[in-house]
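The values are calculated or read from the model by the stated rules, or taken from the named source; none is laboratory data. No experiment lies behind these values; they were computed from the predicted model shown. Don't worry about glycine lacking a Cβ; one is built from the backbone with ideal geometry, like all the others, and counts go over all protein chains shown.
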Amino acid sequence: MGFIQKIIDIILGMLGMKKSAPMSLGSATTPTTDHEKQRAAAQLQGTENLSGMEHVEVHGTGDDDEVVIRQNGASLIRDEDDGSELWVDTTDKEVIAANWQDDWGPLGGPNDESLVEFLYHEKNFDMAHEGDPRAAQEKLQGFGYQDVGHMFRVRTTILKHFGTAGGQTLDSYVFQSQQVMSAAMKAAQRMHQDTMSATAAANPEIVEPIEGVSVELYAQISAKAAQGMDMAQLEQELASHGLDKATWDRASAGWMQRMQNDTTATIATIYGQAFQSAGQGQFGAAGAAHAATGYDGTAAGGAEPIPFEKACEIQGATSAWSKTGQDVNALLQQTFQMNAADWAAANSWWMSQLTADVARFDEYNKKVEMYETQYMGAAAAPTDQDIAF
């Protein structure tokens, strides 16, 4: 679809936002190895109705497991075969929700901010847990929890107040509301900001200008160039910034290489936000509105750039054209009178609406699938030519 869309896709993927499904919330006790999956599958209690969640609760241990630490609400178990360790939630959720004694730990009490804060803590724990379960407990203690069991007790309190009830007891509650999804997006964005800050601090040269061109300036000029500048117009734009074409080409190649090498998406995030903030093209205002959200899962403001139905049709069409090897950029212009940058802006605006209202994803997916089928039979067009700046 082009370089612009790839950047937007990086940002969406980085935040867990997918075009085909709403965000899935993970947890530290998700089994990762085959042994862990088998162990957890045999011991799951009350998790069969978890929608969008992968939280594993283990009560007891398997034949090859040893409990090395017991806490009020958690156990650290070790596989005697390979020595791997895993924290598991042992809080008793087979209690009527009203009878659960709330424990808010370092959160303070029930409000939107405490939900975001807890999910931020849990996501940090999840990441640390993948590498070193014992270090993960230290991470929690840095947030103000007594231990892992304390975090799981707070999690059960969060479940009681923010979960969706399927019955009277807490084991029937699930995290699937829009409130939880939105809070999870904010927590994910906060974690990504942490990663960006750490990346820049550890490797400051990653965002240093190339040939005098900062990543923000590179994005701003690229946004203008994407609207179809001829060479004379591009050179005039470059000259206004004290640049010539040769310098621009070197800077462009350098920034693209840095982005490809940056596994944290730090540069791509800065680039994507600056590109959209430039407000270029027929849907530039929509792109700028999305950038203004900080990609935290909230809906972009302003008027819709294109109708919802049209957004579904274009997504289905571009998917079909790509799968059949057609020139997506040419057909996008020919069929919908927009270029790739225009579609990226309009599409990102609608993705922010869907992420802020995940219930609409089902309708969106069905419509996209319908239009993809419709366009799959389109006549072949020239081989797709990617956009280059």
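Summary of computed values
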item	result
Count of segment 70-91 residues which are more than 15 Å from H150 (Cβ to Cβ), of a type in the set (D, E, K, R) and loosely packed, with under 13 Cβ neighbours inside 10 Å	3
Residue match in segment 84-103 (condition: part of a loop (DSSP other than H, G, I, E, B) and under 22 Å from A184 (Cα atoms))	yes
Test: residue in segment 136-156 that is of a type in the set (K, R) and without any contact (Cβ under 8 Å) to a residue 24 or more places away in the chain	yes
A317 being within 24 Å of Q282 (Cα to Cα) and out of contact with any Phe, Trp or Tyr (no Cβ under 7 Å at 6 or more places or on another chain)	no
Identity of the residue in segment 71-90, out of contact with any strand residue (DSSP E or B) (no Cβ under 8 Å at 6 or more places or on another chain) and modelled with pLDDT of 95 or more, that ends up nearest to G163 (Cα to Cα)	N72
From the options A292, A311, A345, residue that is surrounded by fewer than 20 Cβ atoms within 10 Å (Cβ to Cβ) and under 24 Å from the mean Cα position of the chain (by Cα)	A292
Residue satisfying all of: in segment 352-370; hydrophobic (A, V, I, L, M, F, W, C) and buried (at least 17 other Cβ atoms within 10 Å of the Cβ); farthest from the chain's Cα centre (by Cα) among these	V368
Spans of helices (runs of 4 or more DSSP H) in segment 288-362 with at least 3 residues of a type outside the set (S, T, N, Q) and either under 20 Å from S182 (Cα atoms) or free of Cβ contacts under 8 Å to residues at least 24 places away in the same chain (or both)	340-356
Residue within segment 204-214 that is of a type outside the set (F, W, Y), in the same structural domain as A286 (by the TED database) and under 15 Å from Y295 (Cβ atoms) present	no
Segment 265-286, residues that are of a type in the set (A, V, I, L, M), modelled with pLDDT of 90 or more and closer than 18 Å to D342 by Cβ	A274, A285, A286
Residue match in segment 95-109 (condition: over 25 Å from the mean Cα position of the chain (by Cα), charged (D, E, K, R) and at negative phi)	yes
Subset of segment 257-287 that is among the small types (G, A, S) and assigned to a loop (DSSP other than H, G, I, E, B) - its residue that is surrounded by the fewest Cβ atoms within 10 Å (Cβ to Cβ)	G279
